[in-house]
Amino acid sequence: MATGGHTTKTTDGVATGGYTTTSTTTPSPFTHTVENGVMCNAEAKTDVIKEEKTKESDIEDKKTRESAIGKSKTLATFIVSTLTSPNSSGDTKDPTEATLLRCVRLMMSRHEILLKGMMKRLGVTRETGYVTFVGMANQLFEIDAEGKVMVTWGRIIALYAFGARLAMYCQEKEIKDFCGTIAFFLGTYAAEVVTPFVIKSGGWTRLNEEFPAGDDLENKALKFLTWTFLTWTAIGLGLAATASFFTSH
């Protein structure tokens, strides 16, 4: 209040004396704005923006996961249907399908005798098919000392090669209707076990970079796939008995 013709100047509520009544207040770090007639704290607004970005990221992650899962399943159908269809050349415009098919054929041709022997030893039937497939797949993707599933591109190719050869065996034994079931087992297993690795590696297209076409690269791929295959095939020797045990109890 002005007294004796003089007014009081204040700065942040502190009297300083003088002839003019003014008030200069330091802006709060939590600046307020008005949006649609409602006071909005800037910090709260920032939190909302962060929350929206998090939701967008979660949606993107979900889409990526669903895409990888879907691809795992369609690849299983493609590989099995191609290799169990005598008239199928396997021609495809999808680079990943082409790469996987090439690698699977490479592994199967290189180890035809071993695979044939494994199929004979396993003696898969409709009753033992699921247990046999999952048992072999679980051995391929074993758990390491840290409790993590051991997944590599070589093991993934071996999985699809095994699934395809198993379907071919069913076809040879006149249980052709079971081939589609094998493809389902393969796709479902790959979707659940392989997907996290695929996403972390950059998606299924990464396979094309790991195993590009070319003579020299084919030889390198063959050596790598051979090592992967040979360290795993022996596991199948005693699996038939295990499958029979579980399906009979």
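Points worth noting:
- Residues of segment 169-192 classified as among the aliphatic types (A, V, I, L, M) and at pLDDT below 95, total: 1
- Matching residues in segment 193-229 - criterion: being surrounded by 18 or more Cβ atoms within 10 Å (Cβ to Cβ), closer than 12 Å to L106 by Cα and modelled with pLDDT of 60 or more: F211
- Restricting segment 75-89 to residues that are of a type outside the set (A, V, I, L, M, F, W, C) and within 18 Å of F162 (Cβ to Cβ) leaves a set whose member that is nearest to the chain's Cα centre (by Cα) is T77.
- Meeting the requirement of 1 or more residues that are in contact (Cβ under 8 Å) with a residue 60 or more places away in the chain and β-branched (V, I, T), the helices (runs of 4 or more DSSP H) wholly within segment 94-150 are 95-110, 129-140.
- Which numbered condition D12 fails, given (1) of a type in the set (D, E); (2) touching a Ser or Thr at 6+ places or on another chain (Cβ under 8 Å); (3) at pLDDT 80 or above: (3)
- Top-ranked residue of segment 113-168 - restricted to ones that are in contact with a strand residue (DSSP E or B) (Cβ under 9 Å, 6 or more places away or on another chain) and not charged (D, E, K, R), ranked as modelled with the lowest pLDDT: I143
- From the options T64, T125, residue that is over 19 Å from A191 (Cβ atoms), surrounded by 14 or more Cβ atoms within 10 Å (Cβ to Cβ) and of a type in the set (S, T, Y): T125
The values are calculated or read from the model by the stated rules, or taken from the named source; none is laboratory data. A quick note: this is a predicted structure, and the numbers were derived from the prediction, not measured. Positions of Cβ are generated from backbone atoms using ideal geometry, with glycine treated the same way; all protein chains shown enter the neighbour counts.
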